[in-house]
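Q: Input: one structure, supplied below.
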Amino acid sequence: MDARPHVVIVGGGFGGLTTAQALESAPVRVTLVDRTNHHTFQPLLYQVAMAGLSPADIAQPIRAILREQRNATVLMAEVTGVDPDERRVQLSDGTSIDWDFLVVACGATTSYFGHDDWEKVAPGLKSIEDATDIRQRVLLSFELAEREPDEARREALMGFVVIGGGPTGVELAGALAELSKFVVDRDFRNIDPSHARVLLLEGGPRILASFPEDLSESAVAQLHELGVEVRTGARVTAIEPGCVRLGAEQLPCSVVLWAAGIRAGSLTSALHAPLDDTGRVMVERDLSVPGHPRVFVIGDAARFDG
């Protein structure tokens, strides 16, 4: 029996992986659990979605990263429940893992603000699977436009709408414009991809609202140079195959991408801790869960107000 304290880390993203590595010299044994066996460099997901990079360029096996760390074990499994009192996590296959300390780094998922039916027609970008799905949709739209004899329908097929003016939305809109103008612009005979219409819709008064105003203005100017139409104060009321509705206004398009909101991973609700309106755990200064000093929540799943 190994008498060292057992630290279980849920999630192999930036937070979970960094925590595991930081414990390399600690007198503990570490088990990192993730439902995939690779770490994804999420900031470059939009490049995979726009065919600028391959999935292998931004993914690395977690086992390879921790190969030399003798006190670390990696398990590919999905955690479905947490019992803070019994110090146990439940896995989807019915088994469980006991722990002495628990670090929850489950990250965030896409939030549709109660319109979950929009997910099928407006995918978000949180995983390599999302990125490859988006890439297929975008490239297929140009292929369909190449074969479309009707001019109005052809224009609609080359219409792209990105919803959400945060960093992900801005990156996606800019990359879409670059793809159409500088990458596939000479690959077709019947259409001119550089004439594709890219709209970035933001419900608030400006894009990149979490950044200084001058940076938001600079981003708008750069997007305009790429040909992206930026619309603020644009509240989406419906998303349907082939169009986005802003009240009575209808925007025809072939591909809609959602970058308007995120929500903490569902595992946070299993901690029986106070949550904010996006599902993040309200943690103490040391990132522990109130009332459970051996449970820590980090990254996108945590919130600390000071």
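Q: Pull out the extension gain between residue 225 and residue 213, defined as 0.36 nm times the separation in residues minus the alpha carbon to alpha carbon distance; nm, one decimal.
A: Going from the current span to full extension adds 2.4 nm.
Q: Distance between Cα centroids, region 158-198 to region 239-301: provide it in whole Å.
A: What the calculation gives is 27 Å, centre to centre.
Q: Let me ask something else about it. Return one whole number: the accessible area per residue of region 257-306 in Å², for a 1.4 Å probe.
A: Details: 2530 Å² over 50 residues.
Value for region 257-306: 51 Å² per residue.
Q: Can you work out the PRE-style zone for residue 98? Point 7 Å along Cα to Cβ, and I want the residues of region 24-59 with backbone N under 18 Å.
A: Output list for this probe position: 28-32.
Q: Would region 1-122 count as rounded, prolate or oblate if I go by the C-alpha gyration tensor, calling it rounded below 1.5 in a/c and otherwise prolate when a/b exceeds b/c, oblate otherwise?
A: Values: a/c = 2.65, a/b = 1.43, b/c = 1.86.
The shape class here is oblate.
Q: If you don't mind, there's one more thing I want to ask. Counting only heavy atoms of the protein chains, get the accessible area per residue of region 28-179 (1.4 Å probe) and round it to a whole Å² value. Can you show the working numbers first?
A: Numbers: 7440 Å² over 152 residues.
Per-residue accessible area for region 28-179 comes out at 49 Å².
Q: What is the angle, in °, between the Cα long axis of helix 167-178 and the longest principal axis of the Cα atoms in the chain? Nearest 10 is fine, range 0 to 90.
A: For helix 167-178, the angle is close to 40 degrees.
Q: Using a 1.4 Å probe and ignoring any ligands, DNA or RNA, find the accessible area of residue 224 and quote it in Å² to the nearest 10.
A: 100 Å²
Q: Sticking with this one: Rounded, prolate or oblate: which one fits the chain, using the alpha carbon gyration tensor with axes a ≥ b ≥ c (rounded when a/c is under 1.5, else prolate when a/b beats b/c, else oblate)? Mind showing how you got there, number by number?
A: Working: a/c = 2.45, a/b = 1.95, b/c = 1.25.
In terms of gyration-tensor shape, prolate.
Q: Determine the share of the chain's accessible area contributed by carbon and sulfur atoms, expressed in whole percent, with a 1.4 angstrom probe. Walk me through the numbers before you get to the answer.
A: On the way: 7700 of 15760 Å².
Percent of accessible area from carbon and sulfur atoms in the chain: 49.
Q: Okay, moving on. Provide 231, 67 ordered by accessible surface of protein heavy atoms (probe 1.4 Å), highest first. Kindly include the intermediate steps, with their values, before the conclusion.
A: On the way: 231 75, 67 150 Å².
So the residues, ranked largest to smallest area, are 67, 231.
Q: Return the distance in nm (one decimal) between the two label points of a simple spin-label model at residue 26 and residue 91, each offset 7 Å from Cα along Cα→Cβ.
A: Between residue 26 and residue 91, the simple spin-label model gives 2.2 nm.
Q: Can you sort 46, 112 by solvent-accessible area, 1.4 Å probe, largest first?
A: Details: 46 45, 112 10 Å².
My answer, sorted largest first, is 46, 112.
Q: Keeping all protein chains in position, work out how much accessible area residue 237 exposes to a 1.4 Å probe, and write it in Å² to the nearest 10.
A: 80 Å²
Q: Which value in nm describes the separation of the simple spin-label points at residue 117 and residue 238, placed 7 Å from the Cα toward the beta carbon?
A: That separation, rounded to one decimal, is 1.0 nm.
Q: Could you sort 80, 31 by their accessible area in this structure, using a 1.4 Å probe and putting the largest first? If you can, show how the numbers build up before the last one.
A: Working: 80 80, 31 15 Å².
From most accessible down to least: 80, 31.
Q: A further question follows. So what's the angle, to the nearest 10 degrees on a 0 to 90 scale, between helix 213-226 and the longest Cα principal axis of the chain?
A: 50 degrees
Q: What accessible area, in Å² to the nearest ten, does a 1.4 Å probe give for residue 296?
A: Result for residue 296: roughly 50 Å² accessible.
Q: In whole Hz, with x marking every Gly and Pro, tabulate ³J(HN,Hα) for region 113-130 from phi via Karplus 6.51 cos²θ - 1.76 cosθ + 1.60, θ = phi - 60°.
A: With coefficients 6.51, -1.76 and 1.60, one gets 6, x, 9, 5, 5, 6, 4, 5, 9, 9, x, x, 10, 10, 8, 4, 4, 4 Hz.
Q: Taking loop as defined by DSSP and a crowding limit of 14 other beta carbons within 10 Å, which trypsin sites (Lys or Arg not before Pro) in region 161-203 fit?
A: Values: sites: 181, 186, 189, 197; in loops: 186, 189.
Taking region 161-203 and a limit of 14 other Cβ atoms within 10 Å, the loop trypsin sites (Lys or Arg not before Pro) found are 186, 189.
The values are calculated or read from the model by the stated rules, or taken from the named source; none is laboratory data. As the structure is a computational prediction, the values presented were derived from the model and not from experiment. Cβ: placed from backbone, ideal geometry, glycine included. Neighbour counts: every protein chain shown. Heads up: the accessible areas ignore ligands, DNA and RNA and are worked out on the full protein's heavy atoms, side chains in. Shrake-Rupley method; radii C 1.70, N 1.55, O 1.52, S 1.80 Å.
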